[in-house]
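Every number in this text was worked out from the coordinates using simple rules, so none of it is lab data. Remember, predicted model here, so these are calculated numbers, not experimental data. Heads up, the Cβs are rebuilt from the backbone with ideal geometry, glycines too, and the neighbour counts pull from every protein chain shown.
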There are 2 protein chains.
Amino acid sequence: MAEEAAVRAQAETVRRLKQDKADADEIAKEVAKLLEMKAQLGTDEGKHKFVLKTPKGTRDFGPKEMAIRERAFKAIISCFKRHGAEVIDTPVFELKETLTGKYGEDAKLIYDLKDQGGELLSLRYDLTVPFARYLAMNKITNIKRYHIAKVYRRDNPAMTRGRYREFYQCDFDIAGQFDPMIPDAECLKIVHEILSDLQLGDFVIKVNDRRILDGMFAVCGVPDSKFRTICSSVDKLDKVPWEEVRSEMVGEKGLSPEAADRIGEYVQLHGGLDLIEQLLQDPKLSQNKVAKEGLGDMKLLFEYLTLFGITEKISFDLSLARGLDYYTGVIFEAVLLQQENEHVEEPVSVGSVAGGGRYDGLVGMFDPKGRKVPCVGVSIGIERIFSILEQRLEASEEKIRTTETQVLVASAQKKLLEERLKLISELWDAGIKAEMLYKKNPKLLNQLQYCEETGIPLVAIVGEQELKDGVVKLRIVATREEVNVRRESLVEEIRIRTSQC
Amino acid sequence: MAEEAAVRAQAETVRRLKQDKADADEIAKEVAKLLEMKAQLGTDEGKHKFVLKTPKGTRDFGPKEMAIRERAFKAIISCFKRHGAEVIDTPVFELKETLTGKYGEDAKLIYDLKDQGGELLSLRYDLTVPFARYLAMNKITNIKRYHIAKVYRRDNPAMTRGRYREFYQCDFDIAGQFDPMIPDAECLKIVHEILSDLQLGDFVIKVNDRRILDGMFAVCGVPDSKFRTICSSVDKLDKVPWEEVRSEMVGEKGLSPEAADRIGEYVQLHGGLDLIEQLLQDPKLSQNKVAKEGLGDMKLLFEYLTLFGITEKISFDLSLARGLDYYTGVIFEAVLLQQENEHVEEPVSVGSVAGGGRYDGLVGMFDPKGRKVPCVGVSIGIERIFSILEQRLEASEEKIRTTETQVLVASAQKKLLEERLKLISELWDAGIKAEMLYKKNPKLLNQLQYCEETGIPLVAIVGEQELKDGVVKLRIVATREEVNVRRESLVEEIRIRTSQC
């Protein structure tokens, strides 16, 4: 009975709270309406001044930037396809809870959508978590896929260095239970192929393993509960000097100075197979189970990379930690090296252009029964690559074409609009890329100038004499050569003359 | 009587039980909310049950759907490029005020981002307003561009019919001051080319002009202030019968019944050049300046479309109104016609797959000095097209490949992982699309089966004898034929045998 009364009382409270909330919602709605009306009155007056800009940290891609972007994408996609990947796509937003608890300290950078009734949504922060959600939702245990799409981070933009709030990621991942290190090695091969293909200059791919890091933390005396946060500190080593990282560990994160110093010794190590062998003999590390596992797999990885012929660009680097929470095994990051010059002893890294690693637990976080699907993947940091390609193109003399038009349909005299329309329609229907000026009576000079400006290689000129003779005058813009071509051979002639395009 | 009492008592019990259940449900909801808050505070417990889904009105594209999507995109992009278009891209969100006042009654469907400090942002609702913002911001007065990207509307999704909250638009627009109707005619030619190319079945492109509509409203006695809202009512004619639209005009929007009836007579008219001529003689319309202008241009448009040879699919239709506020001239919409059958007299439209029109004032709304840039454009409603292509593929026997892999690198015996890795690396470096199973010692049968399943046409088999002889055994999956190929000729041999792919 008392229980019944309690239930009733609680129900009454719930009812009252709901009424209060409904009232508050009503008021909020009314206020919003008034504000909107005010805004619309404002624009009607024509006095409201628009701020003409894209949102902070974003940019438009004009035709020139798009031409560069498509070149880079083409190289990347053809590599992904060369490795037999399928392609998927997911929505730009996910349920908010899908992203919750996946990004550690970076969760504050997630963009949320306004609650307009219905589900709570957030913009995707990367393509990896949506991929894991996709696998769990569709019970897929085995796939090799790529996904190229925009992701969103409320970060401090540094746009000149290619850091934006809206940016592309190009992800390639292999999901499934396989023999160790074979897919992992392929991911590194892919990074090597793409960076070589794009000719971005010298680069190095740093490799480490979360298990080696965890083992290292353990033998240095870091308490288990501090592994992730100390890992975040180590992750900063590519940007700030060790002294600063050390004082964060000791000062902010409460690590003992001795433990920090032991870490300091390890994280300056980098090398190849020799370093792996050395650490396998390390009296402390070799006693730690996870570190030993990680080192064993690292050795196997290097064997496979040797068969791929790419170890020259690989550096086993104990300072590499990667920021994200979800990695469980191999991690890696590719950095471009500054062009060497006489004054600099060692090449300096100018920034990460690709990264990735193994995340065997992420899919299980979404599966109702916690079933795991091991995954390893790589993400190409395409924005920084765009920046470099853009700068390079600006510095060069190359004039980039932004259309593929093969021929301009032109006329030498007035009153030939109808003839131009008929001819261009024939060309389009035959699959020829053709343009014309949208003027009734354009001057021939203006038409030729348009070709010079836009790089159109051919001009098909109709004139009264040509119409009578059943020919079209074909002008080759580069050489100024002109030939009469019979109308029925025109398509074939254009195809032959532009076949190299 | 006793029975009645018993029934009443039972009813009362049922009522109470129901009330208890309702209370319990309320409490359960509150508890669920608390649990969710708790879960968000500490996902570490791992007890929180995720809802495994994509947000309402959105979907993932798996490899098969992507293969279909890429086919459709290819047809559309190659048409846009054939017409000499450049390509641009803009951010997925805009400043909220950029979208304000552009969409009339539909503004309520815009997704806003949460105010997390900084600018107020909204997801783009279409690609036209961002295009106009881009032109004004960069002071571009002359461009022909396409843009393919996702847009967002908080609409009631009807996913089986291809209506989503996140969906692609494929837009082609021509901006600039040109001689009348030449770019407008090209937009219609493009719709005709794309729908013919995709072989979606019979279609009709309805055409009208906002100036003809406005003139018609004027001569029918619609007050100026009601033009836009009456236009919205007319826009519903493709979904609901005239009687319903009429009662909305008279009942909700306060139009006089006589004016509504006059509109009713006009909006049932549709035809070609003959109808244009007839309306140019119409005693009322011909006296209206804007209507006359619109009809004159419509006549010119039909002349150009005749030269393009596409008037057969064009219908001048006075009931076409288009929902958006920003149109100022020609408007059009392409609808697919249901396959005719014996029982149906006239083909019925099954939905719009493309639409567009002229919007000469939109860019001026963004320019600080109100400078106008005339624009006309078309948007392809690709989601409905995907739905049709998907349904068609499912009905057909065609097996769609989701990768382009040319060869599987396989082994017939154990302990040949290293040899497979070496060979596949050579193939990748030569640009061959190659895969291998990620197992140390896969069975040959499993490797061959993988090829059958995924459609890989060739298998390169390494075995001890082949290694000794310096050859690779190349198996043609379809014919089961096997040939020994010298290792140095393998790349060339694979290229020749897959050149038709």
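For chain B, the share of DSSP beta bridges that are antiparallel, to the nearest 5, is 80%. Sparsely packed loop sites in region A:425-501 (the GluC sites (Glu not before Pro) outside DSSP H, G, I, E and B with at most 15 other Cβ atoms within 10 Å) comprise A:481. Each residue in B:181, A:216 was given a count of other beta-carbon atoms within 10 angstrom of its own, and listing them fewest first yields B:181, A:216.
What is the list of residues in region B:385-407 whose amide nitrogen lies under 20 Å from a point 7 angstrom out from the Cα of residue B:160, following Cα to Cβ? Under 20 Å, as judged by backbone N against the label point of residue B:160, lie B:385-396 of region B:385-407. For region A:407-499, the Cβ-based charge dipole about the Cα centre amounts to some 280 debye (Lys, Arg positive; Asp, Glu negative; other atoms uncharged). With a Förster radius of 56 Å applied to the beta-carbon distance between residue B:53 and residue A:414, the computed FRET efficiency rounds to 0.30. Annotation: amide H-H contacts under 5 Å for residue A:86 (H modelled 1.01 Å from N, sequence separation of 5 or more, or interchain): A:144, A:145, A:146. Per-residue 3J(HN,Hα) values for region B:82-96, derived from phi via the Karplus relation 6.51 cos²θ - 1.76 cosθ + 1.60 with θ = phi - 60°, read 4, 9, x, 7, 7, 10, 10, 9, 10, x, 6, 10, 10, 4, 3 Hz in sequence order (x marks Gly and Pro). If you wrap the Cα atoms of the protein assembly as shown in a convex hull and average its projected area over all directions, you get 56.3 nm².
Shape summary: region B:407-499 maps onto an equivalent ellipsoid whose semi-axes, from the alpha-carbon gyration tensor, are 17, 16, 13 Å in decreasing order. Computed over chain B, relative contact order equals 14 percent, with contacts defined as Cα pairs under 8 Å that lie 6+ residues apart.
Rounded to the nearest 20, the size of the Cβ-charge dipole of chain A about its Cα centre is 1660 debye, with Lys and Arg at +1 and Asp and Glu at -1. Among the trypsin sites (Lys or Arg not before Pro) found in region B:125-182, those both in a DSSP coil and sparsely packed, with 11 or fewer other Cβ atoms within 10 Å of their Cβ, are B:139.
Could you list which residues have their amide H under 5 Å from that of residue A:353, counting only those 5 or more apart in sequence or on another chain, with H placed in the peptide plane? Excluding prolines and chain starts, which carry no amide H, the hits are A:334, A:335, A:336. Each other copy holds its own label point for residue A:495; taking that point as 7 Å from Cα along Cα to Cβ, the gaps run 2.4 nm, nearest first.
Going from the residue with the fewest nearby Cβ atoms within 10 Å to the one with the most, B:369, A:81 rank B:369, A:81.
In terms of surrounding Cβ atoms within a 10 Å radius of their Cβ, A:143, B:461 rank from fewest to most as A:143, B:461. Measuring spread by the Cα atoms of chain A yields a radius of gyration and Dmax of 30.6, 106 Å.
Contact order for region B:333-455, expressed relative to its length and based on alpha carbon pairs under 8 Å spaced 6+ residues apart, stands at 17 percent. Label point of residue A:391 (7 Å along Cα→beta-carbon): distances to the other copies' equivalent points are 5.3 nm, sorted ascending. Every helix of 4 or more DSSP H residues in the protein assembly as shown counts as -39500 (n - 2.57), and over all residues that averages to -13500 deg cm²/dmol at 222 nm. For residue B:261, the distances from its label point to the matching points in the remaining copies are 10.1 nm, ordered from shortest, with each point set 7 Å beyond Cα toward Cβ.
Pairs exceeding 28 Å between alpha-carbon atoms, taken from A:56/A:144; A:81/B:313; A:292/B:433; A:74/A:433; A:96/A:372; A:443/B:81: A:56/A:144; A:81/B:313; A:292/B:433.
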